[in-house]
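First up is the structure itself, then whatever we jot down about it.
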Amino acid sequence: MENIDKKHNTHNWQNGKYVLECLMEGNKRFVASKPLYPNQSQEYRSILNYGQKPIATILGCSDSRVPPEIIFDHGIGDLFIIRVAGHVLDKSIHASIEYAVQHLETSLVMILAHSFCGAVQAAISNAVDETSHVYDLVSKIRPVLSKAKKMPGDFVQNAIKLNAEKIRDEIKLEQYAQKNIQLHKLEVVATYYDLETGKVEILN
Ligand SMILES: [Zn+2]
């Protein structure tokens, strides 16, 4: 019930940095195998009949191993989530984020990348059929590959992180984001989830 009380009694949810802290706290609980499973009761579901007030918007990969509510230990109605392979952008994705920022007033937009991302690996492989829809999707990831190759460390991991940072920067330039960032009403961050440790890291 802690989250409900905070939501109804304070304005903290309008502070994107605070929201990010709450999600990172939830991730710590998940990593430590001490989840609280908040906001999932029958009573809470009935409150949500009257509308949604999610605290964050997350653009994540469709990968079944990266479910945001679970890895951040949050519940129903907490997170407005858009998932697509490689979390690539298109007009429908922008529309969903725009709706969440402007109408649901979420103060945080997070791009959630992850290790061993198949979409990025497909972009690297060059083995995708040019007539497929997958080809269009991986073409959106390819621009980061030349820079990733020149960086020290693991090429695939660098490409995954660069892809998330590029998407973050593109979102920041959108009209719906720019205005709210200037008014200090919105934070846009890129993060990286490690499948092995379960930890989420905030990218620069
Ligand atoms: Zn992925």
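The values are calculated or read from the model by the stated rules, or taken from the named source; none is laboratory data. From a predicted model like this one, the values you see are computed outputs, not experimental measurements. Note that each Cβ is placed from the backbone with ideal geometry, even for glycine, and that neighbours are counted across all protein chains shown. Note: accessible area is taken over every heavy atom of the protein model, side chains too, but ligands, DNA and RNA are not part of it. Shrake-Rupley method; radii C 1.70, N 1.55, O 1.52, S 1.80 Å.
Of note:
- Residue ranking by accessible heavy-atom surface, 1.4 Å probe, largest first, among Met110, Met24 comes out as Met24, Met110.
- Residue pairs exceeding 32 angstrom between C-alpha atoms, taken from Lys34/Lys172; Lys53/Lys199; Lys34/Lys150: Lys34/Lys172; Lys34/Lys150.
- DSSP finds beta bridges in the chain, and of those with both partners inside it, around 15 percent are antiparallel.
- For the range 86-91, 3J(HN,Hα) computed residue by residue from phi via the Karplus equation (6.51, -1.76, 1.60; θ = phi - 60°) reads x, 6, 7, 9, 8, 5 Hz, glycine and proline entered as x.
- A 1.4 Å probe run over the protein chains yields, for the range 142-204, 58 Å² of accessible area per residue, whole-number rounding.
- Nearest 10 degrees, 0 to 90: helix 16-31 Cα axis against the chain principal axis: 80
- When each of Lys91/Lys161; Lys140/Lys185; Lys17/Lys91; Lys17/Lys140 is checked by Cα-Cα distance, pairs over 32 Å: none
- Cα gyration tensor category, rounded, prolate or oblate, for the range 1-113 with a/c compared to 1.5: oblate
- Prolate/oblate/rounded label for the range 22-87 (Cα gyration tensor, a/c 1.5): oblate
- Shown here for the range 135-204: trypsin sites (Lys or Arg not before Pro) in loop regions (DSSP other than H, G, I, E, B) with at most 16 other Cβ atoms within 10 Å, namely Lys185, Lys199.
- Global form of the range 136-178, assessed from the alpha-carbon gyration tensor, a/c cut-off 1.5: prolate
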